[in-house]
Structures are given as C-alpha cells and as structure tokens.
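Only one structure is covered here, and it is reproduced in the block below.
The values are calculated or read from the model by the stated rules, or taken from the named source; none is laboratory data. Keep in mind that this is a model prediction, so the values were computed, not measured. A quick note on method: Cβ atoms are made from the backbone with ideal geometry, for glycine too, and the neighbour counts reach across all protein chains shown.
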Amino acid sequence: MTVLDLPPDPAGELGEVPDPFLEVSAEPLAETLDRYVAFHKRFVHHPDDSTHDLAVLWAAHTHAMPTWRATPRVFIVAPEPGCGKTTQAEVIKFGARNGIRAGSASAAGLFAIITDFTVFLDETDNLFSDHPDRRVLQAIINDGYVKDGYVLRKTGPVPVYGALAFAGIENGRMPEPTRQRCIPIQMRVGEPAEAFDPLDYIGYHFELQTQLVVAARSWKYVRPDVVNRTNQVWAPLHSVAAAAGGDWPERARHAQEVHQWPTEANEQKAVLSAIRDYFAIHNVDRATSTMLATFINADDTLPAVTPKALAGRMKGYGVAPAKSNGSMTYWRKDLEPVWAEWL
C-alpha cells in the first residue's frame, strides 16, 4: 500500500471553505465520517447500516478526485417511485464536493461541468437507450470513470473524468459496461416519513459540511492494491476507510459485500465463498465435489449445483478437482490463491 499526503490546496481544487468556518480545525477523519453517518440516518432509511457507510465514503472520496485513478459511479435505484431516491441523492450531495443535481442532461452539458462538480442525475429511467444522443451521454459516463477519460471534439480532447451518481427506477436497460462501473444503493419503502428530519433542515448543517472539506486537506490517503474491476471500483472508498482507521476498513469491506449487483458473476463468487466457508468450518485440507455440492445446496440463497456443475463453475477460476481415493476432490492448497485473489 502507498500512503499519499495531500498537500494544501491554494488553487481551490478541493473546494472552498465557507467564510464563517475558515477557523474550523480538522478533526480525526473517523470522527467526521461517524458524524456524517449519524447525520445521514436522520434523513433516509436503510435496513443495513453499511448503506449509510457506503454513502458517506463515496461523498468523502469526491473531495480528493485528483488522487484516484478511477471513480465509482453510484446508482440509487428503486423498483418503483416513492422510495426516497431523490432524498438519498440530496443527502449524499450535501457531503460531496461541489454537488449539483439535474433532472436531465445533454452530452455537451455533462462534459462541460463534470470535471468541476459532483453530478447527480435524477430520474434517469430513460437515460439508457439506443438514441444517438443517449449513446454519447453513456460514453461520457463510462469514459469519465477513469482519470484519463476524454471525449474528442473539433477543438481537441476534452477531459470527462469526474464523480457521478444517478437515481432512477430499475428497468433493466443499463448497459453492462456502465453497470460494472457502478455501486448500487437499493432504496426501499421503509419507516414513515415523519420518523425523519425534513429535508429542508439539511441546509442548517454547514459545520459538518465544512469539516469534510477541511478534512480533505489534511488526511492521508491509502491506495490499496487492486486485482480486478470490482476492487478497482471500490478502491477509493477503501482508501478513505483505511485513512480513517478504527473500524472503518472493516465497515468498507462489509459494504462491498452487501452492495453488489445480482449477476451471474456474483453467483460465481458466492459459490467460491461458500467453498471457503466449508473448508473453514470443517478445518480440512481437502473436500470431495459431492461434499461441497451438498454444503452449497443446503443454503437457499445460493444457486443449486451438482458436482459436475460445480466443476464447470470452478473452471473459470483455473481450479479443477483431482481424483483421490476414487472421488473427485478439491484441495485447499489449490483454492487458497484463488480465494486471496477473488475474495
């Protein structure tokens, strides 16, 4: 891991501290993040606390955009209207660097501001379509995920790297390349609205908002090694959590476990994780295909597998069972490098 000191920001790249709070002293980053989580819970409901942690880490990472090689997109998604998508976007925008929310956007409008603002696109149900203008907009969303992302215009290359979140109804239209760059925040109808502070109150918390800016000028960033696209998407959030210390690194890991798209690739990873659990529970150095399939099939949340189907799933990880005492057997020594890389 590499620790990077963020220097003072005379150019104003990380945002300006409002005049009334120029004398705010930087507090420990973990304390600021904890206060922001408590603040977050005053406005939105999530059944798992890790969603609040995710929202706070993502907002915090926007204050250090020059640091990251890539920035994850956040998709605030719900199956139907009235689940609090817009409120969730507003509460994240509160803590983000130069947050701005828009109900619609053109390609030209987005690349004109995305490098200077954290952009929240609301009501994006029709954002993903085959219309030519929409395809250009999607290209900006995808290419702006990495620091060297550009679009080409007659005047030359235009940078489009920037933090972006969008909110909408899940309609299955999001292209897979965009989905791979996104972290989902699944909204649900939760507790009654009267149980939460009115959103109008959010503007009265300048001190906390300013503390995030002050902290961004003083904390140290830890950039973890990444081995695949999933970890690359989460790398900035793990970096912020590592810089905060305490229980934040574990909270970030839990948030990543919870906030994944329900895809076949994640089914693969769930099966691989279950195999690791079997070896840990039984403390063995080998297990037959039949034993592992029986263990996996006992969990209703996992896809059903036969010993033959299990071999097919594991083939993608470069692991195959070997015959031992007449049974097809998986060995811990063959699986441990795969667990280390993929889990």
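General remarks:
- Top-ranked residue of the range 172-197 - restricted to ones that are surrounded by fewer than 17 Cβ atoms within 10 Å (Cβ to Cβ) and modelled with pLDDT of 70 or more, ranked as nearest to Lys85 (Cα to Cα): Arg188
- In the range 267-287, the count of residues that are of a type outside the set (Lys, Arg), under 24 Å from Arg253 (Cα atoms) and in contact with a Gly (Cβ under 8 Å, 6 or more places away or on another chain) is one or more.
- Residues satisfying the stated conditions in the range 91-128, i.e. closer than 22 Å to Gln260 by Cα and acidic (Asp, Glu): Asp122, Glu123, Asp125
- Members of the range 102-149 that are at pLDDT below 75 and among the aromatic types (Phe, Trp, Tyr): Phe128
- Any hit, the range 234-249, residues being out of contact with any Pro (no Cβ under 6 Å at 6 or more places or on another chain), closer than 30 Å to Thr62 by Cβ and outside the structural domain of Thr62 (by TED's automatic domain parsing): no
- Asp334 being surrounded by fewer than 15 Cβ atoms within 10 Å (Cβ to Cβ), touching a residue at least 12 places away in the same chain (Cβ under 8 Å), among the charged types (D, E, K, R) and not assigned by TED's automatic domain parsing to the domain that holds Val77: no
- Here Trp234 clears all of (1) outside any helix (DSSP H, G or I); (2) under 15 Å from the mean Cα position of the chain (by Cα); (3) at pLDDT 90 or above except the condition numbered (1).
- Residue check, Asp277 of a type in the set (Asp, Glu) and part of a helix (DSSP H, G or I): yes
- Of the residues screened, Ala287 is one that is surrounded by 13 or more Cβ atoms within 10 Å (Cβ to Cβ) and over 22 Å from Arg181 (Cα atoms).
- Checked against (1) outside any helix (DSSP H, G or I); (2) modelled with pLDDT under 90, Val74 meets all criteria but (2).
- Residues of the range 283-312 that are under 17 Å from Arg332 (Cα atoms) and of a type in the set (D, E, K, R): Asp285, Arg286.
- Residue count, the range 299-337 (criterion: more than 27 Å from the chain's Cα centre (by Cα) and assigned to a loop (DSSP other than H, G, I, E, B)): 9
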